[in-house]
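Engineer: This is the structure, below, for whatever I ask next.
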Amino acid sequence: MSATAHHSRLTASAIRERKGATPIVCLTAYTAAMASMVDAHCDVTLVGDSLGMVVYGLPSTLGVTMDMMIAHGQAVMRSSSRSLVVIDMPFGSYEESPEQAFRNAARLMRETGAGAVKVEGGVTMAPTIAFLVARGIPVMAHIGLTPQAVNVLGGYKVQGRASDADRVLADALAVAEAGAFAVVLEKLPETLGRRITGAVAIPTIGIGAGVDCDGQILVVDDMLGLFAAFRPKFVRRYAEMAGVAEDAIAAYATDVRARAFPGPEHSFADNSSQTS
Ligand code: KIV
């Protein structure tokens with residue numbers, strides 16, 4: 001990689017400095033084709049462990065492995081050039097100790113070339129975040145609904161309602177103090193998203209946490225409508241891609257069965273010099 005290519009990418013510190021300024025635009029991407037489209041318009045491309053459900057059809061993110069994150073992180077890095085690529089640390093790769101977290105975070109960054117990692121957890125993970133940052137790993141934190149803790153939380157429920165708000169605020173303050181460059185706020189009341197955004201010195205990136213966060217993130221497949229039946233309240237559908245894809249696949253199947261595809265324009269003549 002040339003020095004020029006390296007420096008043209010947004011850095012974690014540049015994102016950190018966007019606190020309170022123009023909203024930070026983030027989406028997930030897991031594949032080369034999607035990464036190049038996301039990279040053209042977004043500040044942060046997250047290789048989220050949501051890929052476990054979106055790409056692999058797993059029931060939750062708990063089955064995601066380091067090898068999966070590395071393979072998809074490499075694909076996204078190859079097809080992006082300007083956004084900050086952040087890679088999720090999968091369940092079980094960082095919670096045991098700061099040393100375990102460093103070993104796996106360093107591997108993710110070394111083998112993909114990504115600019116930062118993301119970890120779930122607030123007060124409990126703050127010492128680990130401080131350990132990573134002190135050793136050269138930029139960390140995006142993730143609090144509120146943390147999907148890797150679904151079995152403890154009892155489902156994908158809104159967090160921080162009423163008397164639970166102070167707990168989530170304490171998580172936000174702890175990860176900011178620990179040195180995270182930004183924090184994802186997932187599924188919180190809008191009022192709490194606003195309160196946390198005003199209380200911490202780092203950018204908040206909302207997903208179901210209201211319009212006042214310093215940035216927003218969505219799972220790209222959700223906002224493109226690639227899963228027709230999955231409609232979380234916090235997702236706006238910017239397209240209905242599942243319907244478009246199904247219609248195209250059905251039309252292809254009809255054409256093949258009717259011998260209407262391939263046509264002459266897709267077929268090669270025996271006597272032509274054309275090779276492709
Ligand atoms: O895994 C993921 O895609 C995420 C975002 C939803 C924030 O963590």
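Engineer: What number in nm² do you get for the range 3-240 if you take the convex hull of its Cα atoms and divide its surface by four?
Structural biologist: 11.7 nm²
Engineer: Give me the one-decimal nm value for the distance between modelled label points at ALA229 and MET37, 7 Å along each residue's Cα-to-Cβ direction.
Structural biologist: Calculated label separation equals 2.3 nm.
Engineer: How big is the range 1-120 by the Kirkwood estimate over distinct Cα pairs, in Å?
Structural biologist: Hydrodynamic radius (Kirkwood, Cα only) of the range 1-120 equals 14.5 Å.
Engineer: Right, here's the next one. Figure the gain on full extension for ASP164 and SER8 (residue separation times 0.36 nm, minus the Cα-Cα span) and round it to one decimal in nm. Don't skip to the answer; put the middle values down first.
Structural biologist: Numbers: separation 156, 0.36 × 156 = 56.16 nm, distance 4.15 nm.
Gain on stretching ASP164 to SER8: 52.0 nm.
Engineer: What lysines could a cross-link reach from LYS19, if we take a straight Cα to Cα line under 23 Å and drop same-chain neighbours fewer than 8 places away?
Structural biologist: LYS118, LYS187
Engineer: May I ask you to rank ARG167, ARG237 by accessible area, largest first, using a 1.4 Å probe over the protein chains only? Before the final figure, lay out the partial values.
Structural biologist: Values: ARG167 105, ARG237 45 Å².
Largest to smallest exposure gives the sequence ARG167, ARG237.
Engineer: Taking only the alpha carbons of the range 74-208, what extent do you get along each of the three principal axes, in Å, biggest first?
Structural biologist: Principal-axis extents of the Cα atoms in the range 74-208, largest first: 43, 32, 28 Å.
Engineer: How much FRET efficiency would the formula 1/(1 + (r/R0)^6) give for VAL211 and GLU240, where r is the Cβ-Cβ distance and R0 is 22 Å, rounded to 0.05?
Structural biologist: Details: r = 24 Å, r/R0 = 1.08.
Calculated value: 0.40.
Engineer: I would also like to ask the following. If you wrap the range 176-276's Cα atoms in a convex hull and average its projection over all directions, what's the area in nm²?
Structural biologist: The number I arrive at for the range 176-276 is 11.5 nm².
Engineer: OK, next. Is the range 143-222 best put as rounded, prolate or oblate by its Cα gyration tensor, with a ≥ b ≥ c the root eigenvalues, rounded for a/c under 1.5, and otherwise prolate when a/b is larger than b/c, oblate when not?
Structural biologist: Rounded.
Engineer: Here is a follow-up. Report the FRET efficiency, 1/(1 + (r/R0)^6), for ALA134 and ASP255, where r is their Cβ-Cβ distance and R0 is 45 Å, rounded to 0.05.
Structural biologist: 0.15
Engineer: Say each of LYS157 and GLU177 gets a label point 7 Å from the Cα, pointing the same way as Cα to Cβ; how far apart are those two points in nm?
Structural biologist: It is 2.7 nm.
Engineer: While we're here: For a Förster distance of 35 Å, can you work out the FRET efficiency between the beta-carbons of ALA106 and LEU62, rounded to the nearest 0.05? The partial results should precede the final answer.
Structural biologist: Numbers: r = 23 Å, r/R0 = 0.65.
Once the sixth-power term is evaluated, E becomes 0.95.
The values are calculated or read from the model by the stated rules, or taken from the named source; none is laboratory data. Worth saying up front: this structure is predicted, and the values here are computed from it rather than measured. Here Cβ is always computed from backbone atoms with ideal geometry, including for glycine, and neighbour counts include all displayed protein chains. Surface accessibility is based on the protein's heavy atoms, side chains included, excluding ligands, DNA and RNA. Shrake-Rupley method; radii C 1.70, N 1.55, O 1.52, S 1.80 Å.
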